[in-house]
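Take a look at the structure set out below.
The values are calculated or read from the model by the stated rules, or taken from the named source; none is laboratory data. Quick caveat: nothing in here was measured; it's all calculated off a predicted structure. Here the Cβ is made from the backbone with ideal geometry for all residues, glycine too, and neighbour counts use every protein chain on show. To get the accessible areas, we keep the full protein, side chains included, count just its heavy atoms, and leave off ligands, DNA and RNA. Shrake-Rupley method; radii C 1.70, N 1.55, O 1.52, S 1.80 Å.
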Amino acid sequence: MRDRILRTAITLVPFVGLVGTIVMTVIDVLAPGGDLGRDLLENSVLWMIGVQGWMTGCGHMFFGEPIAESIGWPSKTPWQWEVGLASLATGVLGVIASGFGDEFTLATIIAFSVFYLGAAVGHVREMVTHRNFKAGNAGPIFFFDVLVPVYLIVLYTVVT
């Protein structure tokens, strides 16, 4: 039962940032003084980088074995802790970004994009060289790793 819950959670985690972004942006836009572009940017950074980073970071650090299995990688290796810390670091940046202005938000998006686009390259390499199409390697997280950085870069460029 525990493994089934963890597998489901691993599959759904990439959607938490999207749902949080949409819900909070609708609330913010409907409030007096709402600004769709600015609200969407701030909520995207908060939820897709911040909250998502905390979740994936803690997942890698504290639930490493089922996550490694879902990716098709060996468990009980130092990479889990290191990837977890990198995710947590971008998560911290995403949570605090709105308090430090556009330049800090840009730096947060750049750090996030380098890490996640780089991870996407690793996933592609795994798909091509090892035929690894496990859900944690070629499923929703792969598309998150590619689409969200591109979305954030375009959104930042349009809004600022």
Filter the stretch 132-148 for residues that are modelled with pLDDT of 95 or more and open to solvent by 30 Å² or more (accessible area, probe 1.4 Å); which is nearest to residue 17 (Cα to Cα)? 147
Counting only residues that are at pLDDT 95 or above and small (Gly, Ala, Ser), how many does the stretch 12-32 have? 2
Is there a residue being under 13 Å from the mean Cα position of the chain (by Cα), at pLDDT 95 or above and under 20 Å from residue 21 (Cα atoms) anywhere in the stretch 99-108? yes
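Does residue 33 fit the bill of being within 23 Å of residue 158 (Cβ to Cβ) and out of contact with any helix residue (DSSP H, G or I) (no Cβ under 9 Å at 6 or more places or on another chain)?
Judged against the criteria, residue 33 is a match.
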Output for the stretch 99-131, where each listed residue is touching a Gly at 6+ places or on another chain (Cβ under 8 Å), under 26 Å from residue 75 (Cβ atoms) and open to solvent by less than 60 Å² (accessible area, probe 1.4 Å): 112, 126
Given the condition within 27 Å of residue 42 (Cα to Cα), in contact with a Pro (Cβ under 9 Å, 6 or more places away or on another chain) and of a type outside the set (Asp, Glu), answer yes or no: does some residue in the stretch 118-126 qualify? yes
Quickly run through the stretch 29-44 and pick out the residues that are open to solvent by 40 Å² or more (accessible area, probe 1.4 Å) and of a type outside the set (Gly, Ala, Ser). 29, 30, 32, 35, 36, 38, 40, 42
Which of (1) touching a helix residue (DSSP H, G or I) at 6+ places or on another chain (Cβ under 7 Å); (2) in a helix (DSSP H, G or I) is the odd one out, the single condition residue 12 does not satisfy? (1)
Residues of the stretch 74-98 being over 19 Å from residue 113 (Cα atoms) and either touching a residue at least 24 places away in the same chain (Cβ under 8 Å) or crowded, with 18+ Cβ neighbours inside 10 Å (or both), which ones? 80
Entirely in the stretch 95-160, the helices (runs of 4 or more DSSP H) that have 1 or more residues that are closer than 22 Å to residue 80 by Cβ and among the hydroxyl-bearing types (Ser, Thr, Tyr): 102-130
Among the numbered criteria (1) of a type outside the set (Lys, Arg); (2) surrounded by 14 or more Cβ atoms within 10 Å (Cβ to Cβ); (3) not in a helix (DSSP H, G or I), which single criterion is violated by residue 48? (3)
Only one of (1) surrounded by fewer than 16 Cβ atoms within 10 Å (Cβ to Cβ); (2) among the β-branched types (Val, Ile, Thr); (3) over 30 Å from residue 159 (Cα atoms) does not apply to residue 26, and that is (3)
